[in-house]
């Protein structure tokens with residue numbers, strides 16, 4: 001099925017493997033949460049690119065693996081721009097002892113979960129987010 005999900009790269013040589021399967025998986029997660037997919041844009045980038053965005057838009061002078069911007073105009077519709085640092089994902093995968101692709105998929109769905117309303121600032125919210133990430137990851141069929 002063709003979903004309104006696009007994948008781009010900025011300042012980094014990266015292309016997502018199996019984008020159709022990833023889009024199908026994302027759409028399944030959104031549907032499971034009773035929401036409707038509007039449109040999503042994923043931008044894979046470098047640490048430097050995302051760091052500049054983090055400083056400019058969020059006033060956070062730190063490296064991060066993901067920044068998610070909700071662009072939805074109405075409740076129940078999931079729309080947004082999700083920026084992911086491939087450099088950070090690689091480092092985090094290595095630190096966690098997991099594969100790059102599993103960590104990338106975790107970060108991809110982390111952005112969707114933010115758009116679905118999940119938070120991760122408190123310990124309690126972070127534990128709920130991790131549980132939802134794991135549940136979402138278990139839905140992958142590729």
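Values in this text are rule-based calculations from the coordinates and carry no lab data. Remember, it's a predicted structure, so these values are computed and weren't measured experimentally. Because the Cβ atoms are built from the backbone with ideal geometry, glycine has one as well, and the counts that use them run over all protein chains shown.
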What is the chain by shape, rounded, prolate or oblate, if you read a ≥ b ≥ c off the alpha carbon gyration tensor as root eigenvalues and call it rounded for a/c under 1.5, prolate for a/b larger than b/c, and oblate otherwise? rounded
Label point distance in nm, residue 52-residue 18, each placed 7 Å from Cα along Cα→Cβ: 3.3 nm
Label residue 6 and residue 142 with points 7 Å out from Cα along Cα→Cβ: what is the distance between them in nm? 1.9 nm
Given 0.36 nm per residue, what is the gain on full extension from residue 96 to residue 31 after removing their alpha carbon distance, in nm? 20.5 nm
Taking the chain and counting helices only, DSSP H stretches of n ≥ 4 at -39,500 (n - 2.57) each over all residues, the nearest-500 ellipticity at 222 nm comes to -15500 deg cm²/dmol
Quick check on the chain: of the DSSP beta bridges with both residues there, what percent are antiparallel, nearest 5%? 25 percent
Protection proxy ranking of 41-49, 29-37 - average other beta-carbon atoms within 10 Å, highest first: 41-49, 29-37
Can you tell me how much longer the chain between residue 69 and residue 126 gets when fully stretched, taken as 0.36 nm per residue apart minus their C-alpha distance, in nm with one decimal? 18.6 nm
